[in-house]
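J.: Quick one: this structure, given as structure tokens, is what I'll be asking you about.
The values are calculated or read from the model by the stated rules, or taken from the named source; none is laboratory data. Bear in mind the structure is a predicted one, so any value in this text is a computation, not a measurement. Methodologically, a virtual Cβ is constructed for each residue, glycine included, from the backbone with ideal geometry; neighbour enumeration extends over all protein chains shown.
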Ligand SMILES: C[S@@+](CC[C@H](N)C(=O)[O-])C[C@H]1O[C@@H](n2cnc3c(N)ncnc32)[C@H](O)[C@@H]1O
């Protein structure tokens, strides 16, 4: 394993970088192997058992049922199922873990398999009107953060929106989840989006109260 990482050590810095192909990067807590293991072992403390209140409230306010909606890193799928139940039939969950995609397809045989996409967000191709963020950004190794906004921008149609929640607590190595603050997030988003709104979340679930920011970005 050490050999696998050696070539990704920045010359002279002693700092390891993640390999460009992340499938086997379990040691740095990312990639399909890491997330597959978490789902196989049912070690999923992020699963709140239903759509989170901020996402549910936002979805309840949506009216255009023709929108193409993406949930990257959608994991257990509660928000996708909620969207589909409400008639947003062009909604798709994308997750890097083939295990969770298989679990979702088995648990929800009535949902066409095409709604559950196995793949790496950073390689994903498509065009969406709306992308919903929930505990996906915070699950990425912080070194990947600069790549998130350009990838979101690429996947949104002109005028499309990225909305959802980001954690608001100090960034440490202890994640996932990894924290952050509004200033850091603005630095990532402002070069790419015409509208960048961040506000403290008023309707977080109790364990996350005071630790979430609502983001509403427009391409
Ligand atoms: C902390 S979980 C959150 C799951 C879900 N959003 C929720 O709130 O319950 C992070 C999810 O992101 C997925 N993930 C991590 N890296 C990814 C990537 N590069 N592309 C797509 N999904 C990824 C993981 O497999 C996992 O399901």
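J.: Being in a strand (DSSP E or B), touching a residue at least 60 places away in the same chain (Cβ under 8 Å), in contact with a strand residue (DSSP E or B) (Cβ under 9 Å, 6 or more places away or on another chain) and closer than 19 Å to residue 46 by Cβ is the requirement here; does residue 71 meet it?
T.: When the stated conditions are applied, residue 71 passes them.
J.: Whether any residue in segment 192-206 is in a helix (DSSP H, G or I), surrounded by fewer than 14 Cβ atoms within 10 Å (Cβ to Cβ) and in contact with a helix residue (DSSP H, G or I) (Cβ under 8 Å, 6 or more places away or on another chain) is what I want to check.
T.: no
J.: Might you check whether a residue that is at pLDDT 95 or above, under 18 Å from residue 110 (Cβ atoms) and surrounded by 13 or more Cβ atoms within 10 Å (Cβ to Cβ) occurs anywhere in segment 65-74?
T.: The first filter runs over segment 65-74 and keeps only residues at pLDDT 95 or above, leaving 65-74.
Still in the running and under 18 Å from residue 110 (Cβ atoms): 74.
Now narrow it down to the ones that are surrounded by 13 or more Cβ atoms within 10 Å (Cβ to Cβ): 74.
Yes, because at least one residue in segment 65-74 is at pLDDT 95 or above, under 18 Å from residue 110 (Cβ atoms) and surrounded by 13 or more Cβ atoms within 10 Å (Cβ to Cβ).
J.: Here's another thing I want to ask about it. Which count do you get for residues in segment 173-191 that are within 16 Å of the ligand (Cβ to nearest atom) and part of a loop (DSSP other than H, G, I, E, B)?
T.: Adding up the residues that qualify gives 6.
J.: In segment 104-145, how many residues are assigned to a helix (DSSP H, G or I), at pLDDT 95 or above and surrounded by fewer than 18 Cβ atoms within 10 Å (Cβ to Cβ)?
T.: Of the residues in that region, 7 qualify.
J.: Please verify whether residue 134 is in contact with a strand residue (DSSP E or B) (Cβ under 7 Å, 6 or more places away or on another chain) and near the ligand (Cβ under 9 Å from one of its atoms), treating the condition exactly as stated. Don't jump to the end; show me each part of the working.
T.: Details: in contact with a strand residue (DSSP E or B) (Cβ under 7 Å, 6 or more places away or on another chain): yes; near the ligand (Cβ under 9 Å from one of its atoms): yes.
Spelling it out, residue 134 is indeed in contact with a strand residue (DSSP E or B) (Cβ under 7 Å, 6 or more places away or on another chain) and near the ligand (Cβ under 9 Å from one of its atoms).
J.: Give me the residue from segment 58-68 that is in a loop (DSSP other than H, G, I, E, B) and over 18 Å from the mean Cα position of the chain (by Cα) and, out of that set, farthest from residue 202 (Cα to Cα).
T.: Of everything passing the filter in segment 58-68, 66 is farthest from residue 202 (Cα to Cα).
J.: What residue, of 66, 41, is more than 10 Å from the ligand (Cβ to nearest atom) and within 24 Å of residue 130 (Cα to Cα)? So that I can check it myself, show each step before the final result.
T.: On the way: 41 fails: within 24 Å of residue 130 (Cα to Cα).
Residue meeting the stated conditions: 66.
J.: Select from segment 39-57 the residues that are assigned to a helix (DSSP H, G or I) and buried (at least 20 other Cβ atoms within 10 Å of the Cβ) and list them in ascending order.
T.: Of everything in segment 39-57, those that are assigned to a helix (DSSP H, G or I) and buried (at least 20 other Cβ atoms within 10 Å of the Cβ) turn out to be 39, 54, 55.
J.: List the residue pairs whose Cβ atoms are under 8 Å apart, where the first residue sits in segment 180-194 and is touching a residue at least 12 places away in the same chain (Cβ under 8 Å), the second is loosely packed, with under 15 Cβ neighbours inside 10 Å, and the two are 6 or more positions apart or on different chains.
T.: Every condition considered, the pairs that remain are 181/170; 188/146; 192/150.
J.: Now for a different question. Among the residues of segment 207-219, which ones are touching a strand residue (DSSP E or B) at 6+ places or on another chain (Cβ under 6 Å) and buried (at least 18 other Cβ atoms within 10 Å of the Cβ)?
T.: 212, 213, 214, 215, 217, 219
J.: If you don't mind, another one. Which members of segment 74-90 meet the condition of being within 13 Å of the ligand (Cβ to nearest atom), touching a strand residue (DSSP E or B) at 6+ places or on another chain (Cβ under 7 Å) and in a loop (DSSP other than H, G, I, E, B)?
T.: 74, 75, 77
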